Amino acid sequence: MNDEALLRYSRHIMLEEIDIAGQERLLAARVLIVGAGGLGSPVALYLAGAGVGCLSIADDDVVELSNLQRQIAHTEASLGQSKARSAAATAGGLNAGCEIRPLETRLVGDALLAEVDAADVVLDCTDRFSSRFAINRACVDTRTPLVSGAAIRFSGQLAVFDPRQPASPCYACLYGEHGDDDALTCAESGVVSPLVGVIGSFQALEAMKLISGAGQPHRGLSTFDALTGQWRHFALSRDPECSVCRRH
């Protein structure tokens, strides 16, 4: 790192758990963010600011007026633009040294598998079960750590799945591979705006820990009730009958 980088990341370097070695790991890392909406916005901004070397942001949607209530990577000037490109521009404005790749498409099949395989960590910031199932399968197949977040109404949750660890469950161990996409969307159910910031920031933190080696990655499932301000934590174990990870 040069003097400018040492100054930019000085608050990380001051932390014994990160130090120069951890920051250098962040600078060398490749991260895939799937979804540039409410969760993906704080994830992209915090990881760009933290100095992640390469961020790939995938989203095939465009910015609409109703998004601006919570999707802080976008502005009124972004209306009608690609969410991936809008989020990439905002994140790039925080850190020009971060390579940011907007992927203006819905990643599926071989394209999804290739992007997941190229990443050190994947962050699932989508709001549909079908997308989450596909991302989970790709992460299990490539042994790529997955940080999964969700937020709806006043409820949020986060889990980290690390296929590199033999005892780690996967997303399908928790939910199977059955779910109603329409019942999960904010458009159908609503969401309080700061909640996505809470969960998205939690996702960014866990990704940074996985990359830098600081602390211990999150284990189990954490849920947050925004109406009471209470967190709950549940232990998760691998399902020996899981249709996804039992193959590995």
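Screening residue 61 against (1) without any contact (Cβ under 8 Å) to a residue 40 or more places away in the chain; (2) closer than 20 Å to residue 99 by Cβ; (3) not β-branched (Val, Ile, Thr) leaves a single unmet condition, (2).
Any residue at all in the stretch 218-239 that is closer than 18 Å to residue 129 by Cβ, in a loop (DSSP other than H, G, I, E, B) and of a type outside the set (Lys, Arg)? Checked the stretch 218-239: at least one residue is closer than 18 Å to residue 129 by Cβ, in a loop (DSSP other than H, G, I, E, B) and of a type outside the set (Lys, Arg). Take residue 134 and decide whether it is touching a Ser or Thr at 6+ places or on another chain (Cβ under 9 Å), assigned to a helix (DSSP H, G or I) and of a type in the set (Gly, Ala, Ser). No, not satisfied. Within the stretch 227-248, the set of residues being aliphatic (A, V, I, L, M) and either under 27 Å from residue 32 (Cβ atoms) or in contact with a strand residue (DSSP E or B) (Cβ under 7 Å, 6 or more places away or on another chain) (or both) comprises 236, 244.
When the stretch 136-178 is limited to residues that are touching a Phe, Trp or Tyr at 6+ places or on another chain (Cβ under 9 Å) and hydroxyl-bearing (Ser, Thr, Tyr), the one that is surrounded by the most Cβ atoms within 10 Å (Cβ to Cβ) turns out to be 148.
Taken over the stretch 194-226, the criterion of being under 21 Å from residue 38 (Cα atoms) and β-branched (Val, Ile, Thr) is satisfied by 196, 198, 199, 223. Candidates 200, 229, 215: the one that is free of Cβ contacts under 8 Å to residues at least 40 places away in the same chain and among the small types (Gly, Ala, Ser) is 229. Taking the criterion of being more than 14 Å from residue 52 (Cα to Cα), among the polar types (S, T, N, Q) and out of contact with any strand residue (DSSP E or B) (no Cβ under 9 Å at 6 or more places or on another chain), the only residue of the stretch 79-108 that qualifies is 90. Filtering the stretch 187-242 to residues that are polar (S, T, N, Q), buried (at least 20 other Cβ atoms within 10 Å of the Cβ) and closer than 14 Å to residue 160 by Cβ leaves only 203. In the stretch 3-21, the residues that are free of Cβ contacts under 8 Å to residues at least 24 places away in the same chain and surrounded by 15 or more Cβ atoms within 10 Å (Cβ to Cβ) form Cβ pairs under 7 Å with partners that are acidic (Asp, Glu) and part of a helix (DSSP H, G or I), at six or more places apart or across chains, as follows: 13/19. Taking helices (runs of 4 or more DSSP H) as the structural unit, those lying wholly within the stretch 166-205 and holding at least 2 residues that are over 18 Å from the mean Cα position of the chain (by Cα) and either among the charged types (D, E, K, R) or at pLDDT below 85 (or both) correspond to 181-184, 186-189.
The values are calculated or read from the model by the stated rules, or taken from the named source; none is laboratory data. A quick note: this is a predicted structure, and the numbers were derived from the prediction, not measured. All Cβ positions, even for glycine, are placed from backbone atoms using ideal geometry, and neighbour counts span all protein chains on display.
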